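First comes the structure, then the notes that go with it.
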Amino acid sequence: MTRRHPNLRVKLLRLLRPWHRRIGILSALFILLLASTGILINHSHDLGIDRSHVHSEWLLDYYGIKPPQQINVLQLTPQLIAAADNQLWFGSQRIMDSDSSFVGIATFEQGYAIANQQTITLLSLNGQIIETQDSSSGLPEQITAIGTSGQQIWVQGQQRLFLADQDFIEWQPATPLAPIAWFSARPQHQLAPQQRATINLNTRAMHLSWERVLLDLHSGRLFGDLGRWFMDLAALALIFISVTGFVIWWQQKPAKHPKIK
């Protein structure tokens with residue numbers, strides 16, 4: 001293969017080397033970012049990043065995640081139990097998410113019976129879910145209230161009252177023989193400011209995991225359109241240093257001399 005003219009080769013190397021070095025230094029920062037976030041994302045489950053939620057208020061604000069529209073206090077003491085939108089909180093522990101609004105709570109010997117519009121969830125005294133019951137257990141399809149009469153737990157359907165048996169296995173339509181104390185949610189202003197702030201922050205945090213933040217940082221989406229353009233420019237820079245690196249190597253490659261026999 002015919003080699004380039006020496007003067008032309010020298011000029012090309014003088015032109016490419018400074019730009020290759022400058023862009024290479026800038027690209028190294030991008031490579032470090034891309035590599036470190038990529039490793040973390042690749043092992044997010046092992047490191048628990050996919051289950052770790054963001055509690056930084058400024059980052060939640062940046063993502064536009066709003067506080068819950070409504071907090072219903074189901075119980076204040078001995079343990080705070082509250083429903084923030086459709087999330088159920090037992091102290092600072094999120095117990096469950098619900099597809100419908102929470103109706104109320106009733107206590108029994110082993111724990112709590114918490115009703116939403118379709119189901120009853122039984123919790124132990126330390127907040128562990130025992131079981132969830134629905135219409136297959138005899139519950140009405142639309143629960144509007146939950147209450148107690150002595151040791152008995154009642155729910156109000158759209159047209160009838162339903163009573164739980166002693167083992168909380170089945171619910172049957174029944175007529176109460178004594179007045180029922182129906183649950184009434186407490187307004188959130190009864191919470192201490194710190195309690196309300198904690199519930200607000202915890203509820204918001206459930207909508208954003210650190211894995212999502214890393215993915216957005218890795219792809220550039222964290223910074224919106226500007227971030228995506230930056231990633232595009234960084235990718236073009238990597239292409240540039242790859243091509244110029246090959247050209248510089250090729251131009252500096254020693255010429256092969258024919259073997260003398």
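Here Q128 clears all of (1) touching a strand residue (DSSP E or B) at 6+ places or on another chain (Cβ under 9 Å); (2) in contact (Cβ under 8 Å) with a residue 12 or more places away in the chain; (3) under 15 Å from Q79 (Cβ atoms) except the condition numbered (2). Candidates in segment 147-164 are the residues that are closer than 23 Å to I81 by Cα and in a loop (DSSP other than H, G, I, E, B); of these, the one that is farthest from the chain's Cα centre (by Cα) is G150. In summary, helices (runs of 4 or more DSSP H) completely within segment 165-261 and bearing 3 or more residues that are within 35 Å of the chain's Cα centre (by Cα), modelled with pLDDT under 90 and not assigned by TED's automatic domain parsing to the domain that holds I39 occur at 193-205. Would you please name the residue that is nearest to the chain's Cα centre (by Cα), looking only at residues in segment 35-93 that are in a loop (DSSP other than H, G, I, E, B) and farther than 18 Å from H207 by Cα? This residue is H43. The single residue among G104, G91, G64 that is small (G, A, S), in the same structural domain as I180 (by TED's automatic domain parsing) and closer than 20 Å to I180 by Cα turns out to be G104. Answer yes or no as to whether F90 is touching a residue at least 24 places away in the same chain (Cβ under 8 Å) and buried (at least 17 other Cβ atoms within 10 Å of the Cβ). Yes: the conditions hold for F90. Among the residues of this structure, G48 counts as one that is assigned by TED's automatic domain parsing to the domain that holds F223 and surrounded by 11 or more Cβ atoms within 10 Å (Cβ to Cβ). Give the residues of segment 134-147 that are buried (at least 17 other Cβ atoms within 10 Å of the Cβ) and β-branched (V, I, T), sorted by residue number. I143, I146, listed by residue number.
The residues listed here are T121, T144; of these, the one that is under 25 Å from F162 (Cβ atoms), modelled with pLDDT of 90 or more and within 24 Å of the chain's Cα centre (by Cα) is T121.
Residues are listed down the side, and each one gets a yes or a no for (1) without any contact (Cβ under 8 Å) to a residue 12 or more places away in the chain; (2) in contact with a helix residue (DSSP H, G or I) (Cβ under 8 Å, 6 or more places away or on another chain); (3) buried (at least 18 other Cβ atoms within 10 Å of the Cβ):
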| position | (1), (2), (3) |
| --- | --- |
| V155 | no, no, yes |
| A174 | no, no, no |
| Q194 | yes, no, no |
| E211 | no, yes, yes |
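The values are calculated or read from the model by the stated rules, or taken from the named source; none is laboratory data. These numbers come from a predicted model, not from an experiment. Note that we place each Cβ from the backbone using ideal geometry, even for glycine, and neighbour counts take in every protein chain shown.
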